[in-house]
1. Kindly establish whether A:I139 is facing chain B (nearest Cβ under 7 Å), touching a helix residue (DSSP H, G or I) at 6+ places or on another chain (Cβ under 8 Å), in a helix (DSSP H, G or I) and not acidic (D, E).
2. Anything in the stretch B:98-130 that is modelled with pLDDT of 80 or more, within 14 Å of another protein chain (Cβ to nearest Cβ) and in a loop (DSSP other than H, G, I, E, B)? List them, or say none.
3. Here is a list: A:G225, A:G217, A:G165. Which entry is among the small types (G, A, S), touching a Phe, Trp or Tyr at 6+ places or on another chain (Cβ under 6 Å) and at pLDDT 90 or above?
4. Take the residues in the stretch A:407-430 that are part of a helix (DSSP H, G or I) and modelled with pLDDT under 85, then tell me which one is nearest to the other protein chains (Cβ to nearest Cβ).
5. Taking the criterion of being within 25 Å of A:E206 (Cα to Cα), more than 22 Å from the chain's Cα centre (by Cα) and charged (D, E, K, R), would at least one residue in the stretch A:293-316 satisfy it?
6. Can you tell me which residue among A:S295, A:S282, A:S253 is within 14 Å of chain B (Cβ to nearest Cβ) and either closer than 30 Å to A:K188 by Cβ or open to solvent by less than 40 Å² (accessible area, probe 1.4 Å) (or both)?
7. For the stretch A:170-198, which residues satisfy the criterion of being open to solvent by 30 Å² or more (accessible area, probe 1.4 Å), more than 23 Å from the chain's Cα centre (by Cα) and farther than 17 Å from A:F112 by Cα?
8. If I filter the stretch A:90-99 for residues that are within 9 Å of chain B (Cβ to nearest Cβ) and either out of contact with any Asp or Glu (no Cβ under 7 Å at 6 or more places or on another chain) or not β-branched (V, I, T) (or both), do I get at least one hit?
Amino acid sequence: MSKRELSINEIVRIEGHLDVSIYLSDGQVNRVQAKAIEGTRILERFLVGRSYLEVPEMASRMCGVCSAIHKVSSVQAVENALGIVLPEKLQKLRELLVIGGHLHSHVIHMFFFILPDYYGKDSALDLLPSDPEFVKKLIKIRKIINDMLKILGGSLVHPITPVAGGFAKPIYKKNLQNALNILKLLRKEIMDPVRFELAMGIPELEVKNTYVAVTDGKTVPLLHGDIRVFPSGKTYKPNEYQKVIKPLREKYSTAPHFLLDNRETYYVGAISRLNINHPYLSDAAKELCKEFNISFPMDNPFANNIAQLIEIVHYMDVAEQLLNDLISDPPKETRVDFEIKAGEGIAVTEAPRGMLIHHYKFNSEGYATWANIITPTAQNLKNIEKTAKAYTEALVNLGVEALLKFEIEKLVRAYDPCLSCSARFYKENP
Amino acid sequence: MNKKVKVGFFSLASCEGCYVDILNLDDKLLDILKYVEIVESRIFGIPKRSEELDVAFIEGAITCEEEIERAKEIRKRSKIVVALGDCACSGGKFMFKNFGFTGAKINQPPGKENFITEPIDKYIKVDYYLPGCPAKREEFVELVYSLLANRRFAEKPHSVCSECILYENDCLLEKGIPCLGPITQGGCGALCPTNGRGCFGCRGLYEDANIDGLIEAFKKHNIPIPDYLYELKKKLVEAAKHE
């Protein structure tokens with residue numbers, strides 16, 4: 001009998017702190033644990049007692065990478081609680097901001113976290129000596145996206161402009177025209193690296209997964225829709241999320257884990273969005289799929305990388321459409337009026353890393369009395385364990401155990417995990 | 001300059017937004033890398049090496065024993081320690097307005113049931129502070145070049161409010177929008193008020209902050225006064241007694 005434990009500590013090039021432990025005995029993989037070791041930040045506790053104005057400010061501090069979607073989801077949950085309905089054009093502006101955030105996050109993940117793996121390098125900065133032009137191109141892409149975020153959000157990290165009822169400052173036609181020009185520039189620069197990564201392909205690993213994403217049956221939605229489970233096809237309304245998504249406490253992790261219906265692990269992220277909503281991809285994104293022989297649904301945990309690349313193209317198309325619409329008929333109002341009242345609000349949205357839920361209760365003076373936030377990475381932790389086990393088994397069978405650490409890191413990275421948002425579990429009376 | 005300055009980026013309990021904002025420096029970051037070598041940073045993909053450092057940038061608050069040990073270990077091998085962002089500078093107190101909030105019981109693994117959030121300077125010596133949520137990337141650049149050139153780097157001697165006035169923005173308080181600009185340490189270029197949303201005080205208290213004056217201004221413009229203003233005032237009175 002040979003029992004041993006392989007620990008991968010502080011996986012690099014992900015957001016936040018995560019350890020993975022693999023327990024092996026006699027060539028069998030017994031168990032895999034995904035341990036969030038990030039210090040606890042009990043953000044929901046801070047939200048209680050704060051006014052509806054401050055809640056989104058603090059909720060956006062969940063995560064520095066995807067702060068745009070946290071901010072917008074939080075504002076949306078506040079609006080839902082106060083019964084505010086946003087005019088269509090302001091809704092489109094919000095969507096634009098969120099798309100900017102998704103592009104920003106996908107670019108960091110695909111070109112700064114994933115890319116070095118293809119070269120066998122530690123860091124994207126290590127590519128500087130051998131290929132400075134390529135690195136400069138990647139940095140230029142980021143700069144372009146940042147310019148867009150600045151126009152729409154006012155700040156790159158933790159956007160300022162979204163507030164309950166609309167925007168804190170008007171976004172004018174000339175700003176939108178600027179954003180459109182920036183988008184055209186982005187399209188010119190980004191296609192080469194996207195094609196490069198698509199051509200590199202992904203490791204082969206088939207694992208049957210359950211996928212969960214927001215759907216509305218006509219687009220690849222980001223902000224509004226029902227919760228769809230694939231392949232079962234079950235659909236739930238946003239306010240039914242607590243019925244299906246159940247938290248699970250693991251002693252080894254500071255982040256909660258989640259199961260579907262108390263038993264099933266599931267995958268959220270770009271791959272879930274596209275496995276469910278792929279018929280509604282833009283024409284250019286569909287063309288690109290054809291060019292590289294990609295067809296959804298895909299049942300490979302690494303396929304999240306491919307889905308993110310396809311999404312980059314899709315979101316650029318959606319953003320261009322939105323910008324053209326808004327430029328031809330710019331929004332006339334900045335913010336709608338509303339009254340403060342007691343209420344409960346839920347926002348089920350799609351963060352870059354998958355489905356995100358913000359849920360608050362407010363008293364009649366507009367102060368939060370209860371808050372619950374479910375982040376994508378926390379939902380993915382159990383699935384990371386499952387697929388890492390399957391991948392370890394495949395590698396052990398192939399007799400390439402020496403590669404285990406490197407390959408498992410690659411697998412975990414494909415989920416685009418973000419531990420800062422997940423490591424917060426708080427209960428008044430444990 | 002013949003030898004590059006060795007720096008490390010570390011993150012305790014945080015959202016890593018300060019980190020991301022440094023990545024957002026884009027080409028300016030490449031300029032800095034001509035003089036600076038990043039020898040340890042998870043997000044840049046450079047694993048733990050436990051080397052001696054010239055400068056350690058620490059982001060995030062301290063929320064558990066491991067983080068205290070981690071901060072001490074980093075301090076031991078670094079010539080200069082910089083607290084990056086509000087979490088590291090104040091334990092997230094200004095962003096989250098949790099003055100006087102201690103020891104909530106939380107559902108966590110054994111040994112971590114009591115919640116704490118502390119600034120890193122409670123446990124280790126900090127040489128420079130870059131406040132804000134996130135820390136301002138331009139200030140990061142300013143600090144790096146100041147250190148390289150052996151120049152003095154100091155806090156800005158004015159409030160957010162005075163920066164806002166410089167931009168000729170309309171006063172948000174007069175529009176009935178709560179804004180902490182008059183009592184908040186400047187240096188951010190009044191980013192939030194310029195974008196039409198009140199200051200949240202993420203950079204901490206301005207040295208000559210007049211909290212009573214702000215409370216009066218809130219009253220005058222019919223803005224509900226948040227409890228934390230009174231808590232802050234109480235803290236200041238206590239601090240003055242100790243001096």
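The values are calculated or read from the model by the stated rules, or taken from the named source; none is laboratory data. All of these numbers come straight from a predicted model, not from anything done at the bench. Positions of Cβ are backbone-derived with ideal geometry, glycine not excepted, and every protein chain shown enters the neighbour counts. What goes into the accessible areas is simple: the full protein's heavy atoms, side chains included, and nothing from ligands, DNA or RNA. Shrake-Rupley method; radii C 1.70, N 1.55, O 1.52, S 1.80 Å.
1. yes
2. Scanning the stretch B:98-130 gives B:T117, B:P119, B:Y123.
3. A:G165
4. Top of the filtered list is A:S420.
5. Taking every residue of the stretch A:293-316 in turn, none turns out to be within 25 Å of A:E206 (Cα to Cα), more than 22 Å from the chain's Cα centre (by Cα) and charged (D, E, K, R).
6. A:S253
7. Across the stretch A:170-198, the qualifying residues are A:P170, A:Y172, A:K173, A:K174, A:N175, A:Q177, A:N178, A:N181, A:K184, A:L185, A:K188.
8. For the stretch A:90-99, residues within 9 Å of chain B (Cβ to nearest Cβ) and either out of contact with any Asp or Glu (no Cβ under 7 Å at 6 or more places or on another chain) or not β-branched (V, I, T) (or both): absent.
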